[in-house]
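Each remark here refers to the structure printed beneath this line.
The values are calculated or read from the model by the stated rules, or taken from the named source; none is laboratory data. This one's a predicted model, so the numbers in the text were calculated from it and none came from an experiment. Here the Cβ positions follow ideal geometry from the backbone for every residue, glycine too, while neighbour counts run over all protein chains shown.
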Amino acid sequence: MSLEGRRIEIRGTVQGVGFRPWVYRLAVEEGLCGRVRNDGRGVTIEAFGRPEALAAFLRRIETEAPPAADVREVCEVGIPAVDVPGFAIVASDEGGSRRVSIPPDLATCPECLKETADPADRRHGYPFTNCTHCGPRYTIARDVPYDRPATTMAAFAMCPDCRREYEDPADRRFHAQPIACPACGPRVRLLGPSGERVASGDEAIAGAAAALAGGRVVAVKGLGGYHLACDATSSGAITRLRARKRRDEKPFAVMVGSLEAARSVACFDPAEERLFASVQRPVVLVRQRPGNGLAPEVAPGNPLVGLLLAYTPLHHLLLEAARRPLVMTSGNLSEEPMAARDDEALTRLCGIADLFLAHDREIENRCDDSVARVVAGRPTVFRRSRGYVPRPVPLRRPVRRPVLACGAHLKNTFCLAAGDEAWLGPHIGDLDNLEATRAFEEQVERLQRFLGIRPEVIAHDLHPDYASTRYALARPEASKVAVQHHHAHVASAMGEHGLEGPVLGLAWDGTGYGTDGTAWGGELLLVEDGSFERLATLRPIRLAGSDEAIRQVWRIALAALDDAFDGAPPLDRLRLFQSVPSRDVAVVRQMVSKGVRAPLAHGAGRYFDALGALGLAKGRASYEGQVALEWNLAADEAETGSYPFDLAEEGGLARADLRPVVRAAVGDLAAGLAPARVSARFHEAMADVAAALVRRAAREHGRLPVVATGGCFQNARLAEGVLRRLQGDFDVRLHGEVPPGDGGVALGQALVADAVTGR
Ligand SMILES: [Zn+2]
Ligand SMILES: [Zn+2]
Ligand SMILES: [Zn+2]
């Protein structure tokens, strides 16, 4: 019998996800001998056996990998056959990079769920059950390499049963660092508002479930922090939570315990269902099923709901006991970071939560839930945090020197890049409070340490007043690079898709500081090798009172109307202005006409605000982007009409003039056309504008690849409309795992800074 040998190198997310024990079992099943080990870049296997068995082994590696693994590349070479006894898992090769060692957190796997549900299993009802396929990872890591003593599980000594599983290569829990059982692992407890213990173990979960069913607010310690939970079917409970959390209308995420429960709440297509049930378990935005029983206060006026499938055994047990979908929102006050430590939760959530479902496994790294939606048939991550962090983004070209990019001001994340990988940090949030700034600094320091990266180049936004900019400028490193916001958006999309440029980058969002000091955000940029040329933008609108206009969107609508109708718009025919006092109108008009505290804004998002305010007759947003979002969701799917616009050019810069759009929409509204149809026509018009700007630029610069980026491309109708118009003639790329919004710009900043400093 002839033996052959193969060395198989596997790249991707293959560490900390049960890959080696799985390879071991596969090899044993196929009758192979040899060894498997982790190395600096993934997993290496040396396998020996009959050619058919080796072929079957390879095929199964490529097709049957554990759910949490992400196999990016399999390289195989023939090596001389050696006769070794059996198959072995051998110690990691310490010589390589340490950068792959901490995996992201993984949702509870089906096997572990089965065990917790089985009365005969020793882990029956145990809320911390996990294995190599699932459980906490990044959120419990204190240091590298990712081994139990360097996690918050170090406090728990393994019992003999767990130890046996941990040491058995054939066991699903072989080297599962957070391994635990009721005899040796963490325990759950229910605390009252002053931290006094109310119940422990099963009774704690039952007590929390009963309180939730009774309409109370319970703080629940999850993987990356505390959630605030309440009954998602109870208007009273949600209203109470909103009042205490000081959150008026921003939608709450809802957690369910099973796919069946999810299907009764929302309508899923197959791509949405896959995303929803993925190991990353993001909050997925899906269409609500009519009569789904959710209280309207969950997401007022919103046909979508952010739905999330339970991702720890504790969540599963709680949902099962509560027997209803639960609101699960970050445990914080409005925009502060979520609470992660028990003492922090007890102080910061005091007065919001009636009870605390806590436990004694500490959360080392705060990590919010991720948020995603299927756009144009593909998963698009809007907020990239738990489940994704710290998985690297592979780079097509290695960076020359390690870079830290400090990100944007709102929805901040930062980015570290070294070699041919970039790591986006967890979602930090808006950097306009002390807590968030502190969390930002702490997380930067941590991820640097985990990855062993000492940045030599610091990238930051061009805006001089951002907290992230001030932080960057205060860093000791000599090399600082300011990157224009929309340039960074485009570069982030290029980085995600491995595009070197030149590309035509459509960067549409609410606002970003331009090189001329005005607010940009309706940009078409030609981007190549660290530099950009601004090819086109939108006719700007004045924002009366600057930031105040972003909440009081009627001000933006008024400025757009005055511009479109030469100062004489038919306000009396628009429902919006029936509720705005005429003296307020007069004040804003003064500001706009004199240009006092009324900066020019080119952001595409501002047109969504303006038209949304007019169409929905809604003058105020209770959070940034609310009116634009509701305007998007209002669009009638069957309506395909559009509105006209003009294109002009000024000093080499093309400008889309949207005044005809505004006039036509106002005409339709005044004539009584349903707002849903006006919204649809407006969306079609915006997609027409984007496509026209791209085609115009292509006449001069050729049919370059096109990327569509910026917060506006979270808007599925716009993104799909632009794609439909350009596909076929252009290679058009939308975002996937890197957020189109400001949570993704840090990646682009890092890549631009690298290109600039490498010159
Ligand atoms: Zn598991
Ligand atoms: Zn144990
Ligand atoms: Zn932006």
**Study point:** From 144, 198, 188, residue being in contact with a His (Cβ under 7 Å, 6 or more places away or on another chain) and away from ligand 1 (no atom under 15 Å from the Cβ)
**Key:** 188
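For (1) in contact (Cβ under 8 Å) with a residue 60 or more places away in the chain; (2) under 30 Å from residue 331 (Cβ atoms); (3) among the hydroxyl-bearing types (Ser, Thr, Tyr), each residue gets a yes or a no:
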| site | (1), (2), (3) |
| --- | --- |
| 377 | yes, no, no |
| 398 | no, no, no |
| 425 | yes, yes, no |
| 430 | yes, yes, no |
| 454 | no, no, no |
Review point. Residues 507, 474, 493: which one is touching a Pro at 6+ places or on another chain (Cβ under 8 Å) and under 17 Å from residue 408 (Cα atoms)?
Key: 493
**Study point:** Any chance residue 171 is more than 31 Å from the chain's Cα centre (by Cα), acidic (Asp, Glu) and either more than 29 Å from residue 154 (Cβ to Cβ) or within 16 Å of ligand 2 (Cβ to nearest atom) (or both)
**Key:** yes
Practice item. Could you tell me whether residue 510 is within 16 Å of ligand 3 (Cβ to nearest atom), in a strand (DSSP E or B) and in contact (Cβ under 8 Å) with a residue 12 or more places away in the chain? Key: yes
Review point. Which one is farthest from ligand 3 (Cβ to nearest atom) among residues in region 172-200 that are in a loop (DSSP other than H, G, I, E, B) and of a type in the set (A, V, I, L, M, F, W, C)?
Key: 183
Check your understanding: List the pairs whose first member sits in region 158-176 and is in contact (Cβ under 8 Å) with a residue 24 or more places away in the chain and over 18 Å from residue 35 (Cβ atoms), whose second member is of a type in the set (A, V, I, L, M) and within 16 Å of ligand 1 (Cβ to nearest atom), and whose Cβ atoms are under 7 Å apart, counting only residues at least 6 apart or on separate chains?
Key -> 158/179; 173/179
Review point. Taking the stated definitions as given, is residue 88 away from ligand 2 (no atom under 13 Å from the Cβ) and not in a loop (DSSP other than H, G, I, E, B)?
Key: yes
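For region 402-449, what are the residues that are at positive phi and in contact with a Phe, Trp or Tyr (Cβ under 6 Å, 6 or more places away or on another chain)?
407
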Revision key, fill the gap. Within region 618-664, residues under 34 Å from the mean Cα position of the chain (by Cα) and small (Gly, Ala, Ser) come out as 619, 621, 622, 625, 628, 634, 635, 638, 641, 642, 654, 656
Study note, to complete from the structure: Considering residues that are outside any loop (DSSP other than H, G, I, E, B), surrounded by 22 or more Cβ atoms within 10 Å (Cβ to Cβ) and away from ligand 2 (no atom under 16 Å from the Cβ), the number found within region 104-163 is 6
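When residues of region 432-452 are filtered for being touching a residue at least 60 places away in the same chain (Cβ under 8 Å) and either over 22 Å from residue 387 (Cβ atoms) or assigned to a loop (DSSP other than H, G, I, E, B) (or both), how many remain?
Total meeting the criteria: 4.
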Review point. Filter region 318-346 for residues that are at pLDDT 95 or above and out of contact with any strand residue (DSSP E or B) (no Cβ under 9 Å at 6 or more places or on another chain); which is farthest from residue 201 (Cα to Cα)?
Key: 323
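Hey, among 243, 271, 261, which residue is of a type outside the set (S, T, N, Q), in a helix (DSSP H, G or I) and farther than 25 Å from residue 386 by Cβ?
243
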Exercise for review: Scan (1) part of a helix (DSSP H, G or I); (2) in contact (Cβ under 8 Å) with a residue 60 or more places away in the chain; (3) touching a Leu at 6+ places or on another chain (Cβ under 9 Å) for the single condition residue 203 breaks and write down its number.
Suggested key: (2)
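I'm trying to understand the selection: among the residues of region 453-479, which are under 23 Å from residue 519 (Cβ atoms) and not in a helix (DSSP H, G or I)? Don't jump to the end; show me each part of the working.
Residues of region 453-479 that are under 23 Å from residue 519 (Cβ atoms), as a first pass: 459-473.
If the condition is that a residue be under 23 Å from residue 519 (Cβ atoms) and not in a helix (DSSP H, G or I), then 459, 460, 461, 462, 463, 464, 465, 466 are the ones that fit.
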Point to revise | Pairs where the first residue, in region 96-109, is over 20 Å from residue 37 (Cα atoms) and of a type in the set (Val, Ile, Thr) and the second is modelled with pLDDT of 90 or more and away from ligand 2 (no atom under 16 Å from the Cβ), C-beta under 7 Å, 6+ apart | key: 108/134; 108/311; 108/312; 108/316
**Study point:** Within region 644-756, strands (runs of 3 or more DSSP E) holding 2 or more residues that are free of Cβ contacts under 8 Å to residues at least 12 places away in the same chain
**Key:** 646-650
Study note, to complete from the structure: When restricted to 208, 180, 219, the only residue within 16 Å of ligand 2 (Cβ to nearest atom) and surrounded by 24 or more Cβ atoms within 10 Å (Cβ to Cβ) is 180
Exercise for review: Output yes when any residue across region 601-620 is in a loop (DSSP other than H, G, I, E, B), closer than 20 Å to residue 688 by Cα and of a type in the set (Gly, Ala, Ser), and no when none is.
Suggested key: yes
Revision key, fill the gap. When residue 364 is run through (1) surrounded by fewer than 24 Cβ atoms within 10 Å (Cβ to Cβ); (2) assigned to a helix (DSSP H, G or I); (3) out of contact with any Leu (no Cβ under 7 Å at 6 or more places or on another chain); (4) in contact (Cβ under 8 Å) with a residue 60 or more places away in the chain, the failure sits at (2)
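So that you can scan it fast, the table gives a plain yes or no per residue for (1) surrounded by 19 or more Cβ atoms within 10 Å (Cβ to Cβ); (2) among the small types (Gly, Ala, Ser):
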position: 630; (1), (2): yes, no
position: 641; (1), (2): no, yes
position: 650; (1), (2): no, no
position: 666; (1), (2): yes, no
position: 676; (1), (2): no, yes
position: 688; (1), (2): yes, no
position: 691; (1), (2): yes, yes
Study note, to complete from the structure: Checked 555, 583, 589 against criteria (crowded, with 24+ Cβ neighbours inside 10 Å, at pLDDT 95 or above, outside any strand (DSSP E or B) and of a type in the set (D, E, K, R)); the one match is 555
Exercise for review: Mind listing just one residue for me: the one in region 686-714 that is within 24 Å of the chain's Cα centre (by Cα) and small (Gly, Ala, Ser) and, of those, nearest to ligand 2 (Cβ to nearest atom)?
Suggested key: 711
